[in-house]
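Read through the structure below, which is laid out as structure tokens, and then see the notes.
Each value in this text was obtained by applying a stated rule to the coordinates, not by laboratory testing. These numbers come from a predicted model, not from an experiment. Cβ sites come from the backbone with ideal geometry, for glycine too, and all protein chains shown count toward neighbours.
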Amino acid sequence: MRRIYMDNSATTPVRQEVIEKMGEYYNTTFGNPSSVHHFGREAKKGLDKARGQVATVIGAEDEEIIFTSCGTEADNIAIIGSARANRNKGKHVITTKIEHHAVLHSCEQLEKEGFEVTYLGVDSEGMVDINELEKAIREDTILITMMHINNEVGTILPIKKVGEIAHKHGILFHVDAVQSFAKVPIDVNEMNIDMLSASGHKIYGPKGIGCLYLRKGTKVNPIIFGGAQERKISPGTENAPGIIGFGLAAELASKEMEQETDRLTALRDKLINGLLEKIPDVKVNGPRKERLAGNVNVGFKYVEGESLLLMLDLKGIAASSGSACTSGSLDPSHVLLAMGISHEIAQGSLRLSLGKYNTEEDIDYCLEVLPEIVQRLREMSPLCSNL
Ligand code: PLP
């Protein structure tokens, strides 16, 4: 059967060049980067190169990059580690209602430790209101943590503006860039970003590797303890093949960014316009303009998202009904609800996230199959008597 992968925001396949490069570090250059002998030194050289490759993507200095085991760990260190380190300055943190659980649950942990967190709302397109942010700032605000691009609806948040405000007030600014790193331009200096999280597996690199950008002089308390690796901030023997794969994937994605953005924008718009044309009672979730190039998120009235996913899978199309972390639960997505979308539409929402290996034929196939599936599910739905 023809299989089409349209779940690139959940994870991406590892590109061939990266697999080959990682292979070297599992085979001939397998040493522990902390070892003084040849094998260790070679692995350490690989790590140094990768640190530079990742730093270049965001305009950082090499030594400001700390490799972590994933984006989630980077978010935890940035939020919990910086709040604990700055506890004497204040106990107030600002974030948004549409963050990934890696951020929301880190904020919940801080609340258990006596911090107060303000969760900013968003409008119907998933956009934060800068005036509301300014109003939320208090004397004791120590941290603003905000995602760059939302993983479910693709909204691009006004990070540069938020950075300016944070900087003006002397507040630390953390950006969860897991969905934007090497996909849209980022400059940590121009954007006044103090900490930034990224992850390998969203950019055709391996899973189980991420990084935290930590501006020179920014203090964080470690949240796990061990050896001296990664400046004791993310200790433990480095995942050298993962780090080296992440570095190469970052460099390649960054080089292809402009061209890939144009190509994916055209595919995304063709898919969205085709769905609007071919299916009645369909709603585009999220903005039409300030949106990640490959993100399509649509809500169908009278359709249950999980059934839609299963039927698409039977036709060979892999998609998602929300973020991968919330699937498995039938609760509607917290992001869609924060955008004021009804439970009914939220339950019937579908995310198709396009990537490097999707083609125009994939879009045509999806436009052929999806309207039929929606029609069939609506015919079976007791809520839909008019079809
Ligand atoms: N933040 C966002 C916005 C994400 O989309 C994800 C993963 O989907 C994460 C954080 C977590 O990253 P990782 O899977 O590397 O832990």
**Prompt:** How would you classify the range 1-130 from its alpha-carbon gyration tensor, with a ≥ b ≥ c the square roots of the eigenvalues: rounded for a/c under 1.5, else prolate if a/b is greater than b/c, otherwise oblate?
**Reply:** oblate
**Asked** Can you list, bin by bin at 5 Å, the percent of alpha carbon pairs in the range 272-359, starting at 0?
**Response** 3, 14, 24, 29, 20, 9, 1
**Message:** Just want the ordering: ILE224, ILE186, ILE279, ILE209, from fewest to most Cβ atoms lying within 10 Å of their own Cβ.
**Reply:** ILE224, ILE279, ILE186, ILE209
**Prompt:** Most mobile of LYS219, LYS89, LYS44 per a Gaussian network model of the chain (Cα springs, under 10 Å)?
**Reply:** LYS89
**Set of lysines with alpha-carbon distance to LYS270 below 22 Å, sequence-local pairs under 8 removed** = LYS183, LYS278, LYS283, LYS289, LYS301, LYS315, LYS356
**Item:** ³J(HN,Hα) computed for each position of the range 32-38 - Karplus, 6.51 cos²θ - 1.76 cosθ + 1.60, integer Hz, glycine/proline x
**Value:** 7, x, 8, 6, 7, 6, 3
**Message:** Only Cα pairs within less than 10 Å get springs; with that Gaussian network setup on the chain, which residue of GLY208, GLY217, GLY170 has the largest fluctuation?
**Reply:** GLY217
**Item:** Reduced Cα scattering model of the chain, Debye log10 I(q)/I(0), q = 0.09, 0.11, 0.14 Å⁻¹
**Value:** -0.54, -0.79, -1.19
**Prompt:** What nm value, rounded to one decimal, do you get for the distance between TYR357 and ARG41 when each label is placed 7 Å out toward the C-beta?
**Reply:** 3.9
**Theoretical gain in end-to-end length, ASP140 to MET1 [0.36 nm per residue, Cα-Cα removed]** = 44.2 nm
**Request:** Pick out, in residue order, every one of the GluC sites (Glu not before Pro) in the range 89-175 that is DSSP loop and has at most 14 other C-beta atoms within 10 Å; say none if there are none.
**Result:** GLU113, GLU139
**Asked** Percent of alpha carbon pairs in the range 43-198 separated by more than 24 Å?
**Response** 29
**Message:** How large is the Kirkwood hydrodynamic radius of the range 173-268, counting all unique pairs of alpha carbons, in Å?
**Reply:** 14.7
**Sparse-neighbourhood loop sites, trypsin sites (Lys or Arg not before Pro) in the range 280-310 - DSSP loop, at most 12 other Cβ within 10 angstrom** = ARG288, LYS289
**Message:** Connecting C-alpha atoms closer than 10 Å in a GNM of the chain, tell me which of ALA318, ALA198, ALA346 has the biggest fluctuation.
**Reply:** ALA318
**Asked** If the cut-off is a Cα-Cα distance under 25 Å, which lysines reach LYS89, setting aside same-chain residues fewer than 8 apart in sequence?
**Response** LYS97, LYS112, LYS135, LYS160, LYS161, LYS168, LYS216, LYS219, LYS232
**Asked** Between GLN109 and ASP281, 0.36 nm times their residue separation minus their Cα-Cα distance comes to what?
**Response** 57.9 nm
**Complete:** Taking a crude spin-label model, label points 7 Å out from Cα along the C-beta direction, the ASN189 to ILE19 distance in nm is 3.9
**Per-pair calculated FRET efficiency, R0 = 45 Å: SER381 and ILE223 via Cβ, rounded to 0.05** = 0.45
